[in-house]
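The values are calculated or read from the model by the stated rules, or taken from the named source; none is laboratory data. Model, not experiment: these values are computed from the prediction. Neighbour counts run over all protein chains shown; Cβ positions are idealised from the backbone, glycine included. In case anyone asks, the SASA skips ligands and DNA or RNA and just uses the protein heavy atoms, side chains included. Shrake-Rupley method; radii C 1.70, N 1.55, O 1.52, S 1.80 Å.
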Amino acid sequence: QLTKGDLRLDVRLAEAWRGDSRLDLTAREFRLLEALLQADGGAVSKQELLDRVWGFDFPGGPNIVEVYVR
């Protein structure tokens, strides 16, 4: 389980919670949030997020990361 403030991610169950409210995230949104929480406040490059969340063979560009983070 990953936590930051009142945000909780249960990686085993693939569930995200903000306080007592369950968040309805897509699988990709969940993986992106997981990658950011694992960085524990550290910097994560767009390329690292792209590789971890979309995969090395993703045919699109790195701007997709900005779209999802926004």
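Just to be sure I understand the filter: pairs with C-beta atoms under 9 Å, separated by 6 or more residues or on different chains, first member in the stretch 59-70 and under 15 Å from ARG28 (Cα atoms), second member of a type in the set (A, V, I, L, M) and open to solvent by 60 Å² or more (accessible area, probe 1.4 Å). Which pairs pass?
Final answer for the pair search is VAL69/LEU36.
Taking the residues in the stretch 20-70 that are over 12 Å from the mean Cα position of the chain (by Cα) and β-branched (Val, Ile, Thr) as candidates, determine which candidate is nearest to ASP6 (Cα to Cα).
Residue satisfying both the conditions and the ranking: VAL67.
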